[in-house]
1. Can you tell me which residues in region 131-187 are over 30 Å from ILE70 (Cα atoms), of a type in the set (Gly, Ala, Ser) and either touching a Gly at 6+ places or on another chain (Cβ under 8 Å) or free of Cβ contacts under 8 Å to residues at least 60 places away in the same chain (or both)?
2. Can you tell me which of THR59, THR69, THR31, THR90 is among the hydroxyl-bearing types (Ser, Thr, Tyr) and modelled with pLDDT under 85?
3. Being at pLDDT below 95, exposed (fewer than 15 other Cβ atoms within 10 Å of the Cβ) and in a strand (DSSP E or B) is the filter here; which residues of region 195-225 pass it?
4. Here is a list: LEU184, LEU130, LEU158. Which entry is surrounded by fewer than 17 Cβ atoms within 10 Å (Cβ to Cβ) and hydrophobic (A, V, I, L, M, F, W, C)?
5. Would you confirm, using the coordinates I've provided, whether PRO240 is at pLDDT 95 or above and either buried (at least 16 other Cβ atoms within 10 Å of the Cβ) or assigned to a strand (DSSP E or B) (or both)?
6. Tell me the residue from GLU180, GLU169 that is within 30 Å of GLY230 (Cα to Cα) and acidic (Asp, Glu), please.
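The values are calculated or read from the model by the stated rules, or taken from the named source; none is laboratory data. Owing to the predicted nature of the structure, the values given are computational and were not obtained by experimental measurement. Note that each Cβ is placed from the backbone with ideal geometry, even for glycine, and that neighbours are counted across all protein chains shown.
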Amino acid sequence: MSAYDFLAGYYDAFQQDLDPVKWADYVVYLTERYGKFKGDGENGKPLLCDLGCGTGLVTCELSKRGFDTIGVDNSPAMLDQARSRAGKNTKILWLSQDMTRLDLFGSVDVFVSLLDTVNHITDPKALDRLFKSFRNFLNPGGLFIFDLASGKHFRETLAGNFFYSIDDEFAVLWENDYDERSCLNTASLTMFGTEDGENYSRCDEDITERYYTDETVRSLAQKYGLEVAGVFGDLKKRKPNEKDERIFYCLRRPL
């Protein structure tokens, strides 16, 4: 079982500090400010695809904001949690796919990939494939909105540091090793989870993330004909600074 499948049932507790309303509000702000699409969803709604949607925390919130919504994730267990969260009264389409090998039914108006999901694409060739796929699947005037963990996050917050989160049903301990030369951070995780409060399962796994520079993002955007509509600090409406743990990008396919 992968770490993501093991984590699926406890993900909400693990992300208890995440405010999905705040994240959805920010996506709406960026789409209203920079989007130039006509709306490819039902009844002219904008069609949005959440890449690496996990348990659908933000995806479901975005579906309430007038988007026709698709959630893509490579973990079936995460998608099971997402479907349960959404319930039967929503029209969210959930797809089990590798986001770097997209195979959609048509094009969309907005792609989002949040919570440093793109940093988990550690193979630069796979990131190149993702950007290339927007030629086929992103409508003219459409946006790709994503965040990246910053250099500060990798070098200061993660590097060499140990973290833990413990409650009655789930515990996770992780130690980080950031290699400046390769720009890779390896988080060695040990997780414990229980469903009955008495018997615990354990999962040990390493999860790797890559630090991507602004130069890399701009180079890929230029290579595949995307405009850099805006670059922002962590959920902010200003340019990023050295204190930001996340950097947000809003890329647009020209009309």
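1. Matches in region 131-187: ALA159, GLY160, ALA171, SER182.
2. Within the list THR59, THR69, THR31, THR90, the selection yields THR90.
3. Within region 195-225, TYR200, SER201, ARG202, ASP204, ASP206 qualify.
4. LEU184
5. In short, yes.
6. Selected residue: GLU180, the only one of GLU180, GLU169 that is within 30 Å of GLY230 (Cα to Cα) and acidic (Asp, Glu).
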